[in-house]
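Data block below; observations after.
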Amino acid sequence: MSLMSSSSSTISSYYGDKLGGYPRSYTDDNWIEGGDDDWIYGEGSRFATDDYYGGRPAMDYADVGGWDDTDDGYAVPMPAKGEEKEAEEKNVVTAVPANDAGADAVVGEEGGARRTRRRESSVEDEDYELHVVFVGDSITEQRQGTAMGKPNDDYTGIKEVFDKTFTRKKGGDFNGIAMGISGDTSPNLLWRLMNGEMPYGLTPRVWWVGIGINDLSIKGCSEEVTLLGILRVVEEIQIYHPEDVIVINSILPVQRNQEGLLEHIGKHHEDVALKNKEQDMSAEQMDKKRDRYDFWPSIVSINKELSEFASKHKMIKFFNADNVFVEEREDGKYMKLDLFSDPVHPNLAGHKKWNAEIKKRLHEILNDKP
């Protein structure tokens with residue numbers, strides 16, 4: 001397939017001669033200051049002239065009254081001269097970025113109000129390196145210990161295992177974060193990446209993409225549409241992180257019957273006993289027991305295309321999770337049901353085995369990366 005190469009060249013040629021990727025020909029949308037295209041070009045917007053996107057470094061705000069002369073990615077006003085001392089005397093806390101993990105404020109007699117900028121704590125984190133970011137759906141969100149954004153006791157162990165594997169301070173070989181949302185499809189994930197979840201400063205060495213099953217199951221998309229959706233997500237990451245490796249995780253198997261049988265193999269296709277396994281699930285109780293989860297042929301087809309696509313692109317890899325979750329027996333291929341908590345989601349044991357294989361692959365990728 002040539003989706004990546006053709007789309008990338010089209011995008012780059014379109015964006016190349018336009019400020020931020022769009023011509024200034026739109027009518028005023030009366031947003032921010034009321035100028036043309038403020039929704040696109042306003043400070044902090046995706047295509048602003050002071051934004052990372054579009055290939056320009058963030059501007060310094062020294063020429064804007066009261067702003068710091070060293071850009072650190074935050075638009076936080078600096079206190080005017082004497083203001084900080086006055087705040088201490090009045091026990092007033094000056095502004096601190098709400099999302100600045102390295103900032104704190106000490107109030108009153110315990111030290112006065114102080115504004116600690118991220119750069120002051122950077123020495124402590126100067127050796128930190130983010131190796132991998134996992135993006136995806138509910139299977140990725142399990143690693144956060146949440147479901148639909150809320151803590152889930154069933155996933156607490158999964159989060160602990162993930163943290164131990166992908167946090168160096170906890171003994172892991174790598175530093176990694178997971179950004180998943182239950183129910184997300186490829187378009188949902190693409191929207192997230194285009195609207196804040198791939199910000200300037202988030203610079204892992206590897207992006208691990210796990211998406212697609214909801215396109216097939218929830219939305220009923222065809223194999224072709226599901227494939228193109230996954231590749232569009234890959235393309236979006238590659239546009240802004242061309243030097244990073246992107247790993248496409250295979251779509252995991254989905255249980256289609258009580259036995260875990262996914263497909264027949266070879267001469268055993270006509271075996272009577274094997275047919276009986278199917279008959280048990282293909283009678284009037286079939287739909288109730290399998291809950292219409294017969295996606296294996298589609299999953300195999302999509303994974304095959306993803307693997308072939310990755311083989312043609314140096315910075316894109318394919319990870320076949322079937323090696324973890326599928327086993328081949330004499331009569332067919334079976335889903336390892338002991339590694340799943342339901343027809344779709346891996347359980348704690350499944351995540352442990354999966355993480356171990358991911359860790360091996362990351363060692364290979366990062367050692368081989370130029």
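The values are calculated or read from the model by the stated rules, or taken from the named source; none is laboratory data. Predicted, not measured: the structure shown is a model, and the values here were computed from it. In this analysis, Cβ positions are derived from the backbone assuming ideal geometry, glycine residues included, and neighbour counts consider all displayed protein chains. Quick note on the areas: whole protein, heavy atoms, side chains included, nothing else; ligands and nucleic acids left out. Shrake-Rupley method; radii C 1.70, N 1.55, O 1.52, S 1.80 Å.
In sequence order, segment 156-167 has phi-based couplings of 4, x, 5, 5, 4, 5, 4, 4, 5, 7, 10, 9 Hz under the Karplus curve 6.51 cos²θ - 1.76 cosθ + 1.60, θ = phi - 60°, and Gly or Pro positions carry x.
Protection proxy ranking for 131-144, 302-315, 250-263, 171-184, using the average of other Cβ atoms within 10 Å per residue and placing the highest first: 131-144, 250-263, 171-184, 302-315. Evaluate E = 1/(1 + (r/R0)^6) for I218 and D294, where r is the Cβ-Cβ distance and R0 equals 22 Å; express this FRET efficiency to the nearest 0.05. Taking R0 as 22 Å, the efficiency between I218 and D294 is 0.90.
Based on the alpha-carbon set only, what is the convex hull volume of segment 203-256 divided per residue, in Å³?
Values: hull volume 4.4 nm³, N = 54.
Convex hull volume per residue, Cα atoms: 82 Å³.
Ligands, DNA and RNA aside, D338 has an accessible area near 110 Å² when probed at 1.4 Å. Cα gyration tensor of segment 300-370, axes a ≥ b ≥ c as square roots of the eigenvalues: rounded (a/c below 1.5), prolate (a/b > b/c) or oblate? It is oblate, given that a/c is not under 1.5 and a/b is not larger than b/c.
Between T203 and R329, how high is the FRET efficiency from 1/(1 + (r/R0)^6) when r is the Cβ-Cβ distance and R₀ = 30 Å? Nearest 0.05. Write out the running numbers ahead of the final one.
On the way: r = 44 Å, r/R0 = 1.47.
The calculated FRET efficiency here is 0.10.
Under the 0.36 nm per residue contour assumption, what length would be gained going from the current alpha-carbon distance of N367 and D173 to full extension?
68.6 nm
Order V233, V326 by their accessible area, 1.4 angstrom probe, all chains in place, largest first. Could the numbers behind the result be given before it?
On the way: V233 0, V326 25 Å².
Largest accessible area first, the list is V326, V233.
Spatial offset of segment 232-248 relative to segment 159-199 amounts to 15 Å, using the alpha carbon center of each.
In segment 128-220, the portion of solvent-accessible area held by carbon and sulfur atoms comes to 52 percent [1.4 Å probe, whole percent, DNA, RNA and ligands not counted].
Less than 5 angstrom separates the built amide H of K317 from those of I246, V247, I248, all sequence-distant by 5 or more or on a different chain. Largest accessible area first, the listed residues Y334, Y200 line up as Y200, Y334 when surface is computed with a 1.4 Å probe on the assembled protein chains. For the residue pairs K164/K353; K164/K360; K317/K360; K159/K219, alpha carbon separations beyond 18 Å are given by K159/K219.
Over the Cα atoms of segment 145-188, what is the Rg over Rh ratio if Rh follows Kirkwood?
Details: Rg = 12.1 Å, Rh = 11.5 Å.
Taking Rg over the Kirkwood Rh, I get 1.06.
Amide H contacts under 5 Å for A178: F134, restricted to partners 5 or more places along the chain or on a different chain, H placed in the peptide plane at 1.01 Å from N.
At 0.36 nm per residue, and after removing the present C-alpha to C-alpha distance, how many nm does the segment from A349 to K312 gain when stretched out fully?
Difference between extended and current length: 10.0 nm.
If the chain linking L337 and E357 were pulled fully straight, counting 0.36 nm for each residue of separation and taking away their Cα-Cα distance, it would gain 5.4 nm.
Taking amide H atoms as placed 1.01 Å from N in the peptide plane, the amide H of C221 lies under 5 Å from those of L216, each 5 or more residues away in sequence or on another chain.
Highest mean first, the peptides 145-155, 236-246 sorted by other C-beta atoms within 10 Å per residue fall in the order 236-246, 145-155. Backbone phi angles across segment 176-189, fed through the Karplus curve with coefficients 6.51, -1.76 and 1.60 (θ = phi - 60°), yield HN-Hα couplings of x, 10, 10, 10, x, 10, 4, x, 5, 9, 4, x, 4, 5 Hz in residue order; Gly and Pro are listed as x.
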